[in-house]
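Before any comments, here is the structure.
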Amino acid sequence: LALKCGKHLTQLDLSSFAALDKEKLRQLNQACPNLESLNLSCTSIESLDHLPKNLKSLALRECTNLRAQHFKKLDASFSKLEQLDVSQTHIAKLAHLPRSLRKLDLSGCKDVPAKEFETLDESFSHLEELHVWSTQIAKLASLPKSLKKLVLNHCLGVPADEFETLDESFSHLEK
């Protein structure tokens, strides 16, 4: 269907699609030049190389075959990306994320060390929504002041005094 209607598609949800492989991703990239939103959550993809580069939204939740090295090209390859869901994946470095992001979900990303969250600083000036439940985040002060929504459930490494930072530095957070 995507191959037949591809040039008209702007959104595609292939989550839990078991037969997705490198060749199908390559065909999808060629057949769907106007694709802006792609959900590949819970698939067995092993690379990001053949994804459309003009995506604005990409969901990779629970794509556990993707390893830390697969995320290294995100910034260079997806400059228009505004929403990224890499929750419960093996991402480990955040410095390679596109600075264009408005929404980022890192929930359950246990491979990201606490210090790495400090790279989510003011260079992510467009970031408005950040989900980091069940991660190793420990410091909140370095997070971008542009945040409007911050989800911190089950972040046991955040000391109590860090929450004072929320009141002082993030007064614009939505309640």
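The values are calculated or read from the model by the stated rules, or taken from the named source; none is laboratory data. Everything quoted here is computed from the prediction, not taken from an experiment. All Cβ positions, glycine included, derive from the backbone under ideal geometry; neighbour counts span all protein chains shown. Keep in mind that these areas ignore ligands, DNA and RNA; they rest on the heavy atoms of the full protein, side chains included. Shrake-Rupley method; radii C 1.70, N 1.55, O 1.52, S 1.80 Å.
Taking the range 100-167, which GluC sites (Glu not before Pro) meet the DSSP loop condition and have no more than 13 other C-beta atoms within 10 Å?
Hits after loop and neighbour filter: 122.
What is the spin-label model distance, in nm, from residue 145 to residue 64 if the labels are put 7 Å beyond Cα along the C-beta direction?
Going by the 7 Å Cα→Cβ label model, 4.2 nm.
Which length gain, in nm to one decimal place, applies between residue 17 and residue 154 when the Cα-Cα distance is subtracted from 0.36 nm times their residue separation?
Length gained between residue 17 and residue 154: 46.3 nm.
Taking 8 Å as the Cα distance limit and 6 or more residues as the minimum spacing, I'd like the relative contact order of the range 23-172 as a percentage.
It comes to 15 percent, rounded to a whole number.
Counting only heavy atoms of the protein chains, get the accessible area per residue of the chain (1.4 Å probe) and round it to a whole Å² value.
52 Å²
What spacing in nm lies between the two simple spin-label points modelled at residue 47 and residue 161, each 7 Å away from Cα in the Cβ direction?
4.9 nm
Leaving out ligands, DNA and RNA, and with a 1.4 Å probe, what % of the accessible surface on the chain is carbon or sulfur?
Here carbon and sulfur together make up 49 percent of the probe-accessible area.
Given the DSSP H assignment, sum -39500 (n - 2.57) over each helix run of at least 4 residues in the chain and divide by its residue total; what's the result at 222 nm in deg cm²/dmol, nearest 500?
So the helix-based figure for the chain works out to -3500 deg cm²/dmol.
Work out the length of the dipole vector of the range 25-103 about its Cα centre, built from +1 on the beta-carbon of each Lys and Arg and -1 on the beta-carbon of each Asp and Glu, and round it to the nearest 20 debye.
240 debye
Which one, 52, 28, 9, projects farthest toward the positive side of the charge dipole computed for the range 8-82 from Cβ point charges (K/R +1, D/E -1)?
Value computed over the given set: 52.
Projected onto the charge dipole of the range 46-175 (+1 at Lys/Arg Cβ, -1 at Asp/Glu Cβ, origin at the Cα centre), which of 91, 71, 147 gives the Cα projection farthest towards the positive end?
71
Mind pulling the angle between the C-alpha long axis of helix 22-31 and the longest principal axis of the chain? Nearest 10 degrees, somewhere in 0 to 90.
Orientation of helix 22-31: about 80 degrees from the principal axis.
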